[in-house]
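Below you'll find the structure, written out as structure tokens, and then a few comments.
The values are calculated or read from the model by the stated rules, or taken from the named source; none is laboratory data. Everything numeric in this text was worked out from a predicted model, so none of it was measured. Every residue, glycine as well, gets a Cβ built from its backbone with ideal geometry; the counts of neighbours run over all protein chains shown. Note: areas computed on protein heavy atoms with side chains; ligands, DNA, RNA excluded. Shrake-Rupley method; radii C 1.70, N 1.55, O 1.52, S 1.80 Å.
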Amino acid sequence: MLLADFIRNGTACLEALYPSPEARGLVLMLCEERLGMRSYTHIIEPRTEIPADHEAELQQDLQRLCLGEPVQYVLGVTEFCGHRFAVGPGVLIPRPETELLVAEGVRSLREMALPQAPQVLDLCTGSGCIAWSVALEIRDARVFGVDISDTALGYARGQFPSVPEPPRFLQADVLDTEQDFPFGPFDLILGNPPYVRESERAQMRRNVLGYEPALALFVPDGDPLRFYRAIARWAQRFLRPGGVGLVEINESLGPETAGVFEAAGFKNVRIQRDFFEKYRFIRFFA
Ligand code: GLN
């Protein structure tokens, strides 16, 4: 089959679900990832054929995309902070705005200029994208990631197998705040917990709702800040004096979420915006 035909047909099929440029972008991503082709190969070399041994796989991938499955699950990878992370059903796909949380965290650690190896805790770590990105940036950091989901921890532990001192990933329910946790104290505590209210489901895209783990996304309308109260408690127990906390938040609940950390006694609680100018993070000091 001609590559150009596959791209045209694939785009047409995906236009039922996505705006045209995005539909085309998804098919190109598939071809680049699976065939190692450039996004313009079919234009400058219009006679390019899809290698016969790849055709079945590519058609299968396209079928999954056309059913609405996120491209990151179909390909099994996504990029985050310049690294390739394995992802798949059962683990939240890292979002670009979360890269800002990592950047802030790394900047905070550098500013601390600690004499010893920094200790970092990432709560609700999911794929481990935050924990790993910090660890890959600050090579001597001792990073711990905590999550309740076995599936997520499987992904987190399997990323970058050749790194000599990987983060340690531990299974625990972050909402269980009084449990034994024989680690720390930490210089930096990070977290991107579930924060989407059930009532906000209606505004979310079908491929998020149908495929991504509800456990990682949703909180009850009656108590949308439960994870932040829990994280504040973890920080009371495990953030060393002078340490920094950074959490991603629901854009509609900035002041309320900040209030949780203020009530827990943290200093200089600040709400920060993402690149869409939405409230997205809270920073606090112990
Ligand atoms: N920002 C994510 C979304 O919009 C939600 C991430 C989370 O709940 N922590 O889908």
* Asked: Among the residues of the stretch 216-244, which ones are open to solvent by 20 Å² or more (accessible area, probe 1.4 Å), within 14 Å of the ligand (Cβ to nearest atom) and either among the hydrophobic types (A, V, I, L, M, F, W, C) or not in a loop (DSSP other than H, G, I, E, B) (or both)?
  -> ALA216, PHE218, LEU225, ARG226, PHE227
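Here are PHE281, PHE275: which of them is of a type in the set (Phe, Trp, Tyr), within 15 Å of the ligand (Cβ to nearest atom) and open to solvent by less than 70 Å² (accessible area, probe 1.4 Å)?
PHE281
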* Asked: When the residues of the stretch 245-283 are filtered to those that are among the aromatic types (Phe, Trp, Tyr) and not in a helix (DSSP H, G or I), which remaining residue is farthest from GLU111 (Cα to Cα)?
  -> PHE276
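I'm trying to understand the selection: among the residues of the stretch 38-66, which are closer than 29 Å to THR125 by Cβ and open to solvent by 50 Å² or more (accessible area, probe 1.4 Å)?
Here is the first cut: in the stretch 38-66, the residues closer than 29 Å to THR125 by Cβ are 61, 64-65.
Listed by number, the list holds a single entry, ARG64.
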* To do: Determine whether the stretch 153-167 contains at least one residue that is at pLDDT 95 or above and within 13 Å of the ligand (Cβ to nearest atom).
  => no
* Structure fact -> Checked ALA23, ALA12 against criteria (open to solvent by less than 50 Å² (accessible area, probe 1.4 Å), modelled with pLDDT of 95 or more and in a helix (DSSP H, G or I)); the one match is ALA23
* **Any chance GLY145 is in a loop (DSSP other than H, G, I, E, B), within 16 Å of the ligand (Cβ to nearest atom) and under 16 Å from the mean Cα position of the chain (by Cα)** => no
* Tabulated pairs, the stretch 200-214, first over 12 Å from GLY90 (Cα atoms), second surrounded by 15 or more Cβ atoms within 10 Å (Cβ to Cβ), C-beta under 6 angstrom, 6+ apart or interchain -> ARG206/GLY68; ASN207/GLY68; ASN207/PRO70
* Asked: Yes or no: GLN119 crowded, with 20+ Cβ neighbours inside 10 Å and touching a Ser or Thr at 6+ places or on another chain (Cβ under 6 Å)?
  -> no
* To do: For the stretch 91-109, state whether one or more residues are surrounded by fewer than 16 Cβ atoms within 10 Å (Cβ to Cβ), touching a residue at least 60 places away in the same chain (Cβ under 8 Å) and more than 13 Å from the ligand (Cβ to nearest atom).
  => no
* Structure fact -> Of THR125, THR78, the only residue that is in contact (Cβ under 8 Å) with a residue 24 or more places away in the chain, open to solvent by less than 40 Å² (accessible area, probe 1.4 Å) and of a type in the set (Ser, Thr, Tyr) is THR125
* **Qualifying residue in the stretch 193-215 (condition: over 19 Å from ASP147 (Cα atoms), in contact with a helix residue (DSSP H, G or I) (Cβ under 7 Å, 6 or more places away or on another chain) and either open to solvent by less than 60 Å² (accessible area, probe 1.4 Å) or more than 16 Å from the ligand (Cβ to nearest atom) (or both))** => no
* Structure fact -> Only one of (1) open to solvent by less than 60 Å² (accessible area, probe 1.4 Å); (2) under 24 Å from ASP176 (Cα atoms) does not apply to ARG142, and that is (1)
* Among (1) within 21 Å of the chain's Cα centre (by Cα); (2) not in a loop (DSSP other than H, G, I, E, B) - the single one ASP187 does not satisfy -> (1)
